[in-house]
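Inspection log for the structure reproduced underneath, given as structure tokens.
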Amino acid sequence: MGTGKHISSDVFTVGGYDWAIYFYPDGKNPEDSSMYVSVFIALASDGTDVRALFELTLMDQSGKGKHKVHSHFDRALESGPYTLKYRGSMWGYKRFFKRTTLESSDFLKDDCLSMHCTVGVVRTRTEGPKQYIVPLPASDMGQNFKEMLESGIGSDITFEVGEETFRAHKLILAARSPVFRAQFFGLIGNTNMDKVVEEDVEPAVFKVFLLESHVLILDDLNCFMYALYYDV
């Protein structure tokens, strides 16, 4: 046929574009002196900057299954896709196979070659930000504080109320009450304080106040009035 002349396959469509295989029996470029056959996949329809992956398989027609595969699909998408700028752009191999070797190989049968082609068109999709609703479980912090109060674990302050004593946690009380915060950690407070004597309050009321100040609920009226004093 001569250098630079090709045989074209039927046009096939992939990804909304038309494609064709161009086979150059005497090579595509004169510098190869017809020593190699060339094979290319061409964009046969209008398109601009079409990104695609290719695979060319020269079929072994002896039944041995020793096909010759040239694949673009084993590359990462960031570097793998080949960009075809316009109609007629091609991807392939100028020196696909040495001609003399091909003529005596199992790839040629009755002067015919069988070639499979795979094309994958890479499309770019842009998505806007998504909003997700994540259900949160109900807080059990108050219950945890209540258990710490009742067990006495980590307690570091003792309240003497009448003839009864109550163990509590300075950090929790300071977080709930600016009065306790100043008393325990303020400029005139005493960080080493480990006992407080409470007067003018019934032990039962103080017990409820202490409990509910930990679980963040104040239902009892007397307890509520006492809480006002401590600004809880």
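Only the coordinates and a few stated rules stand behind these numbers; no lab work does. This one's a predicted model, so the numbers in the text were calculated from it and none came from an experiment. Positions of Cβ are generated from backbone atoms using ideal geometry, with glycine treated the same way; all protein chains shown enter the neighbour counts.
Across the options 15, 180, 40, the greatest Cα extent toward the positive end of the charge dipole of the chain (unit charges at beta carbon of Lys, Arg, Asp, Glu) belongs to 40.
Neighbours of residue 15, meaning other residues whose beta-carbon lies under 12 angstrom from its beta-carbon, give a summed charge of +1 when Lys and Arg score +1 and Asp and Glu score -1.
Per-residue Karplus couplings for the stretch 170-180, computed as 6.51 cos²θ - 1.76 cosθ + 1.60 with θ equal to phi - 60°, are listed in order as 4, 4, 5, 5, 5, 5, 8, 9, x, 5, 5 Hz, Gly and Pro entered as x.
Of 28/66; 64/109; 28/109, which ones are farther than 21 Å apart at the Cα?
Listed pairs above 21 Å: 28/66; 28/109.
Largest GNM mean-square fluctuation across 116, 169, 70, computed for the chain with C-alpha springs under 10 Å, falls on 169. Partners of residue 195 within straight-line reach, counting lysines whose Cα lies under 28 Å from its Cα and excluding those fewer than 8 residues away in the same chain: 146, 170, 207. Taking 49, 18, 194 in turn, the Gaussian network model of the chain (Cα-Cα springs below 10 Å) assigns the largest fluctuation to 194.
Tell me the net charge near residue 85. Cut-off is 13 Å between Cβ atoms, residue 85 excluded, with +1 for each Lys or Arg and -1 for each Asp or Glu.
Details: positive: 51, 87; negative: 46, 49.
Taking every other residue near residue 85 into account, the sum is 0.
Among 73, 107, 23, a tally of other beta-carbon atoms within 10 Å of each Cβ gives an order, fewest to most, of 73, 23, 107. Only Cα sites of the stretch 7-121 enter the Debye sum here, all with the same form factor; the resulting log10 I(q)/I(0) across q = 0.12, 0.18, 0.24 1/Å is -0.44, -0.96, -1.38, listed in q order.
Can you work out the FRET efficiency for the pair residue 48 and residue 74, with r the C-beta to C-beta distance and R0 = 35 Å, to the nearest 0.05? So the FRET efficiency works out to roughly 0.85.
Based on the Cα gyration tensor of the chain, what are the three equivalent ellipsoid semi-axes, each the root of five times an eigenvalue, rounded to whole Å and given largest first?
Numbers: eigenvalues 1646, 67, 50 Å².
The three semi-axes for the chain are 91, 18, 16 Å.
Would you list 12, 97 from fewest to most Cβ contacts within 10 Å?
Values: 12 13, 97 18.
So the residues, fewest neighbours to most, are 12, 97.
Per-residue ellipticity at 222 nm for the chain, helices alone: DSSP H runs ≥ 4 residues times -39500 (n - 2.57), over residue total, nearest 500 deg cm²/dmol?
Numbers: 6 runs with 54 residues, N = 232.
About -6500 deg cm²/dmol.
Each of 139, 57, 101 was placed along the dipole of the chain (beta-carbon charges, centred on the mean Cα), and the one lying farthest toward the positive end is 101. Listed by Cβ neighbour count within 10 Å, with the fewest neighbours leading, 179, 39 appear as 179, 39.
Once backbone amide H atoms are built at 1.01 Å from N, residue 45 has 18, 88 as its partners under 5 Å, excluding neighbours fewer than 5 places away on the same chain. Taking the Cα centre of the chain as reference, the dipole from Cβ charges on Lys and Arg (+1) and Asp and Glu (-1) amounts to some 2260 debye.
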